[in-house]
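The values are calculated or read from the model by the stated rules, or taken from the named source; none is laboratory data. This structure is a prediction, so every number in the text was calculated from the model and none was measured. Glycine gets a Cβ as well: all are built from the backbone with ideal geometry, and neighbour counts include every protein chain shown.
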């Protein structure tokens, strides 16, 4: 009787450079691929927007696996019980998965691996979703890195494993519809107008970026109206493409087109920043709940449901902030520069706990990542590693004038201000009455007055941080 191998996929929804899938398909016999919508304690469930992406990504994966003749099943519940049941029902002799790095995830995986091995089932896990395993990179004192620059210098010297090819095709079969349990919430249906999902889409996105946009990346990535970023973050979050694939594809372009090498080096440093976030996730306590700098545990955060609601809905009266929050709600993403601005306003000017912002982003982002999202929020709030100094408080008016000088981004997402001259677009409450009237803007009626005084709130934030 031929053996059956089970591949448990999680954040690695791809065929190429998938070590667990490759290991299974190299064995004699049948391969079954499993995805579980987990209810295990300690595993953070995806937010609503990410569930929209997940549903569509699972459908794309189902079709890709069907083309290889590989069975795919999606289940809901406790992974320990589901895997044990499948091992018994399908006579599974080997189980494979690719590693994940949050403490709760590792605990779940370790318990399942121990149970499988004790029952005689071959069980193996692989590194597939970071460039370097978190335990394989350390300081000269053999400690985890807490500063990015030396982390990046060390990582650059490491050989990055070559991506694995797709498994060989078997006899194709008909794909089944992914269970309706994974359908997105009704409000998330609008996201389909902004994204293409799946492994093939990820490869196209990478190729388009390297062919047409990477040259502008180092400078253009700061300007929200400039299409200079890669657009790969949600594909990375769900593992539709691996960081190793991106690394080697970009490195090859740098070798073939030396004039792009500096821009690609900057792009790869941002890919390494993602690894740095996973480094923090692995080596620290729950970074979505616990500040990485212990002194921030005593921070006196304000409680203001009204301010938090205004921030979430893009009604703060600060145009570039409102533009970012509306972009997030409509598209499931937000430009990276604007992410810093909205996080700074919430945690410093409004002095509202960074965890509340992180939770909202988790719900609204298609690329809500278990490492990058909390690590980035802590970085802006000042409680993270290699954090922005506590006195770095972004001014949304000056930042808007610098990075959206012609107002294209604000006019797109805050159309009620579209007729204002550039001079007043980022501070409309200071515009002369006749200018507001000519633009059809009534502060407090058609557009809100600022919910916070930027100067006074900056002083308050500095005092709160100094008190720590």
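Residue-by-condition table, conditions (1) in contact with a strand residue (DSSP E or B) (Cβ under 9 Å, 6 or more places away or on another chain); (2) at pLDDT below 95; (3) over 26 Å from residue 361 (Cα atoms):
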{"residue": "8", "(1), (2), (3)": "yes, no, yes"}
{"residue": "11", "(1), (2), (3)": "yes, no, no"}
{"residue": "21", "(1), (2), (3)": "yes, no, yes"}
{"residue": "24", "(1), (2), (3)": "yes, no, yes"}
{"residue": "29", "(1), (2), (3)": "yes, yes, yes"}
{"residue": "33", "(1), (2), (3)": "yes, no, yes"}
{"residue": "48", "(1), (2), (3)": "no, yes, no"}
{"residue": "53", "(1), (2), (3)": "no, no, no"}
Practice task
Might you check whether a residue that is without any contact (Cβ under 8 Å) to a residue 60 or more places away in the chain and in contact with a helix residue (DSSP H, G or I) (Cβ under 6 Å, 6 or more places away or on another chain) occurs anywhere in the stretch 122-131?
Solution key: yes
Problem - Selection within the stretch 427-468 - surrounded by fewer than 14 Cβ atoms within 10 Å (Cβ to Cβ), in a loop (DSSP other than H, G, I, E, B) and modelled with pLDDT of 95 or more - result: 432, 440, 442, 444, 445, 446, 449, 453
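Test residue 148 against the stated conditions and say whether it is closer than 29 Å to residue 276 by Cα and either crowded, with 18+ Cβ neighbours inside 10 Å or in contact with a strand residue (DSSP E or B) (Cβ under 8 Å, 6 or more places away or on another chain) (or both). Before you say what the answer is, go through the steps one by one.
Details: closer than 29 Å to residue 276 by Cα: yes; either crowded, with 18+ Cβ neighbours inside 10 Å or in contact with a strand residue (DSSP E or B) (Cβ under 8 Å, 6 or more places away or on another chain) (or both): yes.
Answer is yes for this residue.
Yes/no per residue for (1) in the same structural domain as residue 64 (by TED's automatic domain parsing); (2) crowded, with 20+ Cβ neighbours inside 10 Å; (3) touching a residue at least 24 places away in the same chain (Cβ under 8 Å):
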| position | (1), (2), (3) |
| --- | --- |
| 231 | no, no, yes |
| 243 | no, yes, yes |
| 265 | no, no, no |
| 274 | no, yes, yes |
| 298 | no, no, yes |
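Among the listed residues 358, 330, identify the single one that is assigned to a helix (DSSP H, G or I) and within 14 Å of the chain's Cα centre (by Cα). Working first, answer last.
Details: 330 fails: within 14 Å of the chain's Cα centre (by Cα).
Exactly one residue qualifies, and that residue is 358.
Quick one: would you say residue 49 is surrounded by fewer than 20 Cβ atoms within 10 Å (Cβ to Cβ), in a helix (DSSP H, G or I) and in contact (Cβ under 8 Å) with a residue 12 or more places away in the chain? It would help to see each step written out before you state the result.
Values: surrounded by fewer than 20 Cβ atoms within 10 Å (Cβ to Cβ): no; in a helix (DSSP H, G or I): yes; in contact (Cβ under 8 Å) with a residue 12 or more places away in the chain: yes.
No; evaluated as a whole, the condition is false for this residue.
Only one of 70, 36 is crowded, with 18+ Cβ neighbours inside 10 Å and either assigned by TED's automatic domain parsing to the domain that holds residue 333 or touching a residue at least 60 places away in the same chain (Cβ under 8 Å) (or both); which? Let's see the steps before the verdict.
Values: 36 fails: either assigned by TED's automatic domain parsing to the domain that holds residue 333 or touching a residue at least 60 places away in the same chain (Cβ under 8 Å) (or both).
On inspection, the qualifying residue turns out to be 70.
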Completion exercise
Among (1) part of a loop (DSSP other than H, G, I, E, B); (2) farther than 18 Å from residue 450 by Cβ, residue 363 falls short only on (1)
Completion exercise
Of the conditions (1) in a loop (DSSP other than H, G, I, E, B); (2) surrounded by fewer than 22 Cβ atoms within 10 Å (Cβ to Cβ); (3) modelled with pLDDT of 95 or more, the single one that residue 252 does not satisfy is (1)
Practice task
Among what's in the stretch 381-398 and is part of a loop (DSSP other than H, G, I, E, B) and surrounded by fewer than 17 Cβ atoms within 10 Å (Cβ to Cβ), pick the residue that is modelled with the lowest pLDDT.
Solution key: 389
Handout entry: Boolean, residue 54 is over 30 Å from residue 358 (Cα atoms) and either under 20 Å from the mean Cα position of the chain (by Cα) or not in a strand (DSSP E or B) (or both)
Key = no
Practice task
Select from the stretch 408-426 the residues that are assigned to a loop (DSSP other than H, G, I, E, B) and either over 20 Å from residue 326 (Cβ atoms) or without any contact (Cβ under 8 Å) to a residue 60 or more places away in the chain (or both) and list them in ascending order.
Solution key: 418, 419, 420, 421
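Being farther than 19 Å from residue 379 by Cβ and either touching a helix residue (DSSP H, G or I) at 6+ places or on another chain (Cβ under 6 Å) or buried (at least 20 other Cβ atoms within 10 Å of the Cβ) (or both) is the filter here, so list the residues in the stretch 330-340 that pass it. Write out each step before concluding.
So the first thing to find is which residues in the stretch 330-340 are farther than 19 Å from residue 379 by Cβ, and the list is 330-332.
If the condition is that a residue be farther than 19 Å from residue 379 by Cβ and either touching a helix residue (DSSP H, G or I) at 6+ places or on another chain (Cβ under 6 Å) or buried (at least 20 other Cβ atoms within 10 Å of the Cβ) (or both), then 332 is the only one that fits.
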